[in-house]
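Quick notes on the structure that follows.
The values are calculated or read from the model by the stated rules, or taken from the named source; none is laboratory data. In this text the structure is predicted, and so the values were computed from the model without any measurement. Note: ideal-geometry Cβ built from the backbone for every residue, glycine included; neighbour counts use all protein chains shown. Remember, those area values only see protein heavy atoms, side chains included, never the ligands or the DNA or RNA. Shrake-Rupley method; radii C 1.70, N 1.55, O 1.52, S 1.80 Å.
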Amino acid sequence: MDRRRALKLMISTVSIMVSPALMGINLNNNPMKKDSIDRVKSEGLKVNLGNISFYIFSDGYMSIDKPQPTFAPAISSSDFMVEIQKFHPTKKAIDLAINVMLIKVQEKIILIDAGMGNHFGENQGWLLNNIENAGISRESITDILITHAHRDHIGGLITNEGTIVYPNAKYHIAKEEYDFWMSDNPDFSNSKLTVEQRNTTINFTKKVLNRIKEKIVSFHPGETLFTVIQTELAAGHTPGHTIFTISSEGKSVKNIVDIFHAPLLISNPEWGIVFDVNFEQAIRTRKQVLEDCFKNKQLVMSSHLPWPGLGYIDKRDKYYWDPIYYYMPNEINLGSDIQN
């Protein structure tokens, strides 16, 4: 039986609608709440994995109106347009989802990154409203794993006024990542960002990390965190870019974070994206992770692929994205016979 059919047969789904009022949550205490985004109401997607649960929430999306040279800076425009039409046939822009994982294990509620926050417009900053709609208060978050320190992953840690959004959390970040950004002169010599883009990125990252530095706990990729999160260095996008696998009762999902930002980088991993601090290293890492996930038939999650960013890497003549199928909007139970 092929994997897709197995998924259809083995994924059982349950729709759970949670009212913030029933959970005793006062949304007026939400420091990120904005009237202009009241329309964003979602409980997110709950995935039961072994004896633990994780959730995927949306922080909104980013729209790249002129995708080249952000993507494929060294590729001819004609080749690029042929490829982009496969994935975005009605327009020339590329939208990137901002998918955020939250894990419940033992007494811990662990947020994996915090989205972009509302620093850069109304299309982002939805995360806190959405986790509160699911009955999870910001005060109940015990730990936040920072995969890397780009603005779309750490912006949601503080408000525009500098208030810490998750006041009771500890912040876990790879020492390699923290040291890079907090150095006097972070090395962007292998990046394709402009000097202005580099400076803007560095300044914002330092602002956020300085605000939470008293609560930061460093780790080295390769360590296991919270008994179920196996961390792994995937350098290139940033020096300490950390991907990870969560496992329980023989089931696992690998969160590959920013290894690829869109399906066209799965089929063309060598094209690259200018957000990578080390452009060539990121290409090598991308190719290796793609091959590993394909060979191992590994269920993966991506921060920026179309919602909810869950699926598999498959291959014909090229790698391609094979999204997971599920049939109710709120919950997935991974059957014990689904291949990982």
Might you check whether a residue that is of a type outside the set (A, V, I, L, M), surrounded by fewer than 16 Cβ atoms within 10 Å (Cβ to Cβ) and either touching a His at 6+ places or on another chain (Cβ under 6 Å) or modelled with pLDDT under 95 (or both) occurs anywhere in segment 166-173?
no
Out of K297, K254, report the one residue that is more than 19 Å from the chain's Cα centre (by Cα), modelled with pLDDT of 95 or more and among the basic types (K, R).
K297
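Within the bounds of segment 131-138, is there any residue that is in a strand (DSSP E or B), crowded, with 18+ Cβ neighbours inside 10 Å and at pLDDT 95 or above? Give the steps one after another, and end with the answer.
Residues of segment 131-138 in a strand (DSSP E or B): none.
Looking for residues that are in a strand (DSSP E or B), crowded, with 18+ Cβ neighbours inside 10 Å and at pLDDT 95 or above, one finds none in segment 131-138, hence no.
Can you pull out the residues in segment 163-184 that are assigned to a loop (DSSP other than H, G, I, E, B) and among the aromatic types (F, W, Y)? If you could, list the steps in order and put the result at the bottom.
Looking only at segment 163-184, we keep the residues that are assigned to a loop (DSSP other than H, G, I, E, B), and these are 163, 165-169, 183-184.
If the condition is that a residue be assigned to a loop (DSSP other than H, G, I, E, B) and among the aromatic types (F, W, Y), then Y166 is the only one that fits.
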Being free of Cβ contacts under 8 Å to residues at least 40 places away in the same chain, more than 30 Å from Q85 (Cβ to Cβ) and in contact with a Gly (Cβ under 8 Å, 6 or more places away or on another chain): is that true of E249 here?
no
Contact list please: Cβ distance under 6 Å, first residue in segment 253-267 and under 18 Å from I56 (Cα atoms), second residue at pLDDT 95 or above and part of a loop (DSSP other than H, G, I, E, B), pairs at least six apart or on different chains.
V253/L299; K254/Q298; I256/S302; V257/T147; V257/S303; D258/H237; D258/S303; H261/H304
List the residue pairs whose Cβ atoms are under 8 Å apart, where the first residue sits in segment 210-227 and is among the small types (G, A, S), the second is open to solvent by 60 Å² or more (accessible area, probe 1.4 Å) and assigned to a helix (DSSP H, G or I), and the two are 6 or more positions apart or on different chains.
S218/K175
Please enumerate the residues belonging to segment 81-99 that are touching a residue at least 40 places away in the same chain (Cβ under 8 Å) and either over 23 Å from G311 (Cβ atoms) or of a type in the set (G, A, S) (or both).
A97
What is the residue count in segment 110-121 for residues that are under 18 Å from F204 (Cβ atoms) and either crowded, with 22+ Cβ neighbours inside 10 Å or acidic (D, E) (or both)?
6
Taking into account only those residues within segment 139-162 that are more than 13 Å from A114 (Cβ to Cβ) and not in a helix (DSSP H, G or I), which is farthest from the chain's Cα centre (by Cα)?
E161
From the options L299, L334, L310, residue that is crowded, with 19+ Cβ neighbours inside 10 Å and either free of Cβ contacts under 8 Å to residues at least 12 places away in the same chain or closer than 18 Å to L96 by Cα (or both):
L310
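May I ask you to verify whether Q230 is at negative phi, of a type outside the set (D, E) and not in a strand (DSSP E or B)? Outline the logic, then answer.
Values: at negative phi: yes; of a type outside the set (D, E): yes; not in a strand (DSSP E or B): no.
Here the answer is no, as Q230 does not meet what is asked.
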Regarding segment 239-252, can at least one residue be identified that is outside any helix (DSSP H, G or I), among the aliphatic types (A, V, I, L, M), in contact with a Pro (Cβ under 8 Å, 6 or more places away or on another chain) and buried (at least 18 other Cβ atoms within 10 Å of the Cβ)?
no
Out of all the residues in segment 257-276, which are part of a loop (DSSP other than H, G, I, E, B), farther than 14 Å from A235 by Cα and within 16 Å of the chain's Cα centre (by Cα)?
H261, A262
